[in-house]
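Okay, structure first, notes after.
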Amino acid sequence: MTRGFPILLGLVLSIGMAALAFETDGFRVVTSAGARQLAVERQPHPLPDVRLRDQNGSLFSLSDYRGKPLLVDFIYTRCPTLCSERGDDFHRMMELANNADAQIDFLSISFDPENDDSEALRLYADRYGAAPRWRIAAPTDAPGLSALLQSFDVVVIPDGMGGYIHNSAIYVVDARGRLVRILDPDAPVRILATAMQAASQ
Amino acid sequence: MNARTIAISAAASWLILSLPPLRLALEREMAVQMAVQMPLLIAVGVLLAGWVRRYEPHWLDDADWLGISGIVLVVFGTSIWMLPRALDEAVGEPLVDLAKFLSLPLLVGLPLGLSWRRMPPLGRAFIWANFIPKLGAIGGLYLAAPTRLCAYYRLDQQNLAGWTLIAIAVALGLTSFFAAFVGWTPSCGKHLPPVAATGAGSESTLHAAPHILA
């Protein structure tokens, strides 16, 4: 053993701990989704102004929602599993918001505009009872789609059976049009309460 | 092998592994990234150690007393690259993948190759006895998670990765059990590390660990 030993070991320990702390955001997250949730919570994330077409064929922009909080999820209408649960959750939240007269809107965005034309979106809206407050929409062009997926950090991978696997998160956008929370699926009443609180901060 | 052959084959393997078609093919399955690509990248570093050792300054040989500092670096490196976030971002973010391709050979494989020979037999046994359960535990965590931990991998791929890590842990555990209690060593080389190996100083100890560390 030489004098160099404590120096080298100290160096290695500090570098190792620093790298581990960096990769886990200070020992708080181990997944990329967790890291993203934490990042958005600390620093609201601006969103691109993307053109979308809804289930009635009408065009609108994401920025049209400014002034009111917005809950967003990502879907594709052929989705057999996850989206149907999310559809029921969104319907329940819409009812709760109606009853409480809560100022909040709902938007389900399809990441599969190739298959999801207005007709498909309308069928989806009918299936889950999407009323005025809740729109089902798809971006009008490919750059808009990729800008949306990138800024919401939605990763879509093929499921090997013609469908897709995608993030199941619910995104809270505040009245200034910034992404302020990424929420894991939970009871609709809790999601709604968390969203209203986060958007009002 | 002479020094130059070692250096060239290490560089060539590193280059081949980083070629986009092979890189993407190995990263398509979570289990393959963890149990094939990462160990191969570590092996490149271990191979490189065979060349670097010839030019290793005396002070480093002194300062890396009993190989402790080197093996601590290895433990940190392997732990970080077992996290779901690291696996995920290696697929989704080119810069993180670059970090993986640099850090696994240079900060894990190379120190492993250099320090392993300096470690006493009991120290090596300690590292094995730590690494094997950790591998099994991480595999168990991947299996137990009800949701996907990586955005880029499906749940069935995550399960396969979990079972693969557990299978490797069981294989390593059985091997080291027999090595420790029966004195049997794998036929591919008497000096291979699992626990009972005491071949310190032998060239072949170097080629031992890479295929197992993930």
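Each value in this text was obtained by applying a stated rule to the coordinates, not by laboratory testing. Quantities reported herein were computed from a predicted structural model and do not represent experimental measurements. Backbone-built Cβ (ideal geometry, glycine too); neighbour counts: all protein chains shown.
For chain B, a Gaussian network of Cα nodes joined below 10 Å ranks B:128, B:14, B:59 by mean-square fluctuation, and the top entry is B:59. Panel note: the C-alpha atoms of segment B:1-91, placed on their principal axes, show extents of 42, 29, 16 Å (largest first). Sparsely packed loop sites in segment A:7-115 (the trypsin sites (Lys or Arg not before Pro) outside DSSP H, G, I, E and B with at most 12 other Cβ atoms within 10 Å) comprise A:28. The value of relative contact order for segment B:3-207, using C-alpha pairs under 8 Å at least six residues apart, is 24 percent. With a cut-off of 12 Å between beta carbons, the residues surrounding residue A:92 carry a summed charge of -3, where Lys and Arg count +1 and Asp and Glu -1. Between beta-carbons, use under 14 Å as the cut-off and find the net charge around residue A:171, counting Lys and Arg +1, Asp and Glu -1. Once positives and negatives cancel, what remains is -4.
Relative to the longest principal axis of the Cα atoms of chain A, helix A:188-200 runs at roughly 70 degrees. Of the chymotrypsin sites (Phe, Trp or Tyr not before Pro) found in segment A:6-70, the ones in coil according to DSSP and having at most 13 other Cβ atoms within 10 Å of their Cβ are A:27. Alpha-carbon geometry of segment B:3-207: the Rg and the Dmax are 17.3, 51 Å, given in that order. About the centre of its Cα atoms, segment B:3-207 shows a dipole size close to 280 debye [charges on the beta carbon of Lys, Arg (+1) and Asp, Glu (-1) only; nearest 20 debye].
Altogether, the Stokes-Einstein calculation at 37 °C and 0.692 mPa s, with the Kirkwood radius of segment B:63-153 over Cα pairs as Rh, returns a diffusion coefficient of 227 µm²/s. The GluC sites (Glu not before Pro) of segment A:50-119 that meet both conditions, a loop assignment by DSSP and at most 11 other Cβ atoms within 10 Å of the site Cβ, are A:114. Restricting the calculation to Cα atoms, chain A shows an Rg/Rh of 1.11 when the hydrodynamic-style radius is the Kirkwood one. Its Cα gyration tensor gives segment A:85-180 an equivalent ellipsoid, and the semi-axes of that ellipsoid, as √(5λ) in whole Å with the largest first, are 23, 17, 13. Mean per-residue shielding of peptide A:156-164 is 2, counting Cβ atoms of other chains within 10 Å of each Cβ. Applied to segment B:20-29, the Karplus parametrisation 6.51 cos²θ - 1.76 cosθ + 1.60 on θ = phi - 60° returns per-residue 3J(HN,Hα) values of x, x, 5, 4, 5, 4, 6, 8, 5, 9 Hz, with x for Gly and Pro.
Magnitude of the charge dipole for segment A:45-200, about its Cα centre and with charges confined to Cβ atoms of Lys, Arg (+1) and Asp, Glu (-1), is about 420 debye.
For the protein assembly as shown, a Kirkwood hydrodynamic radius built from all Cα pairs, placed in the Stokes-Einstein relation at 25 °C and 0.890 mPa s, yields a translational diffusion coefficient of 102 µm²/s. Backbone phi angles across segment B:159-173, fed through the Karplus curve with coefficients 6.51, -1.76 and 1.60 (θ = phi - 60°), yield HN-Hα couplings of 5, 4, 4, x, 5, 4, 4, 5, 4, 5, 4, 5, 4, 5, x Hz in residue order; Gly and Pro are listed as x.
Relative contact order for chain A: 27 percent, from Cα pairs under 8 Å spaced at least 6 residues apart, divided by residue count.
Using only Cα atoms, locate the centre of segment B:80-155 and the centre of segment B:41-69, then give the distance between them in Å, rounded to an integer. Here the two parts' Cα centres lie 20 Å apart. The helix-only estimate of mean residue ellipticity at 222 nm for chain B, built from DSSP H runs of length n ≥ 4 each weighted as -39500 (n - 2.57), is -20500 deg cm²/dmol after division by the residue total. Counting only other chain Cβ atoms within 10 Å of each residue's Cβ, the peptide B:32-39 averages 0. Net charge within 14 Å of residue A:64 by Cβ-Cβ distance, Lys/Arg positive one each and Asp/Glu negative one each, not counting residue A:64 itself? So the surrounding residues net to +4.
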